[in-house]
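Student: Questions regarding the structure given below will be posed in turn.
The values are calculated or read from the model by the stated rules, or taken from the named source; none is laboratory data. Please read all numbers here as calculations on a predicted model, not as lab measurements. All accessible areas refer to the heavy atoms of the entire protein, side chains included, with ligands and DNA or RNA removed. Shrake-Rupley method; radii C 1.70, N 1.55, O 1.52, S 1.80 Å.
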Amino acid sequence: QVQLVESGGGLVQAGGSLRLSCAASGRTFNRNAMGWFRRAPGKEREFVARFIWAGTSYADSVKGRFTISRDNAKNMVYLQMNSLKPEDTAVYYCAADLTSSGGANYWGQGTQVTVSS
């Protein structure tokens, strides 16, 4: 059974940093099959970051501030978030087996990130 478990969320002041972790179990995913999404209050879920063949891809809103990385040996994916802004407040989800329609077949339970101004 595939499980994705996120951790590392919390409350941080604007300008601060957080590092989210995602532990994948039950299956080993191809590098390009994993990413991060988020859902802000009252908004649709949106793409944040993912691996692609050429490297990595980021939403314009987080480019230059967030970094996705992976530890294959531990089957872990990370999201380093720097220079956080109040508009980054959301539930962040680890996703695996990403689809061509912009979604994923596997989702974690989410971890709350709250950025205060």
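Student: Most mobile of Leu20, Leu79, Leu11 per a Gaussian network model of the chain (Cα springs, under 10 Å)?
Tutor: Maximum among the listed residues: Leu11.
Student: Per-residue HN-Hα couplings for segment 52-68, Karplus 6.51 cos²θ - 1.76 cosθ + 1.60 at θ = phi - 60°, whole Hz, x for Gly and Pro?
Tutor: 9, 4, 7, x, 9, 9, 9, 5, 4, 5, 10, 4, x, 10, 10, 9, 9
Student: Pop out the ³J(HN,Hα) list for segment 26-38 in order, Karplus 6.51 cos²θ - 1.76 cosθ + 1.60 with θ = phi - 60°, rounded to Hz; leave Gly and Pro as x.
Tutor: x, 5, 9, 9, 4, 3, 7, 9, 10, x, 10, 10, 8
Student: Could you tell me the distance between the Cα centroids of segment 18-66 and segment 98-117, to the nearest Å?
Tutor: 7 Å
Student: Give the ranking of Val115, Val2 by solvent-accessible surface, highest area first, calculated with a 1.4 Å probe. Please list the in-between numbers first.
Tutor: Details: Val115 10, Val2 35 Å².
Ranked list, largest accessible area first: Val2, Val115.
Student: Another question about this same structure. Give the long-range amide H neighbours of Arg70: residues separated by 5 or more places, or on another chain, with amide H under 5 Å away, using H modelled in the peptide plane at 1.01 Å from N.
Tutor: Tyr78
Student: Could you work out the relative contact order of the chain? I mean the mean sequence separation of Cα pairs under 8 Å and 6+ apart, divided by the number of residues, in percent. Each step should come with its number before you reach the end.
Tutor: On the way: 283 pairs, mean separation 41.6, N = 117.
Dividing the mean separation by the residue count of the chain yields 36 percent.
Student: Another question about this same structure. Collect residues whose amide H, placed 1.01 Å from N in the peptide plane, falls under 5 Å from the amide H of Val2; neighbours closer than 5 in sequence don't count.
Tutor: Amide H neighbours of Val2: none.
Student: Please state, as a whole number in µm²/s, the translational diffusion coefficient that the Stokes-Einstein equation yields for segment 2-95 at 37 °C and 0.692 mPa s, with Rh defined as the Kirkwood radius across alpha carbon pairs.
Tutor: Numbers: Rh = 13.5 Å.
This corresponds to a translational diffusion coefficient of 242 µm²/s.
Student: To one decimal place, what Kirkwood hydrodynamic radius in Å is obtained for segment 49-117 from all pairs of distinct Cα atoms?
Tutor: Over segment 49-117, the inverse of the mean reciprocal pair distance is 13.3 Å.
Student: A follow-up question, please. Whole-Hz ³J(HN,Hα) for each residue in segment 71-77, computed from phi via Karplus 6.51 cos²θ - 1.76 cosθ + 1.60 with θ = phi - 60°, x for glycine and proline: what do you get?
Tutor: Couplings: 10, 5, 4, 9, 6, 10, 10 Hz.
Student: When DSSP beta bridges are limited to those with both residues in the chain, what percentage is antiparallel, rounded to the nearest 5? Please list the in-between numbers first.
Tutor: Values: 38 of 42 bridges.
Looking only at bridges with both residues in the chain, the antiparallel portion is about 90 percent.
Student: Out of all Cα-Cα pairs in segment 7-57, roughly what percent, to the nearest whole number, are more than 17 Å apart? Show your work: numbers first, answer last.
Tutor: On the way: 687 of 1275 pairs.
Here the tail beyond 17 Å accounts for 54 percent of pairs.
Student: Now a separate question. Accessible area, 1.4 Å probe, largest first: how do Trp53, Trp36 sort? All intermediate terms of the calculation are to be shown ahead of the outcome.
Tutor: Values: Trp53 240, Trp36 0 Å².
Ranked list, largest accessible area first: Trp53, Trp36.
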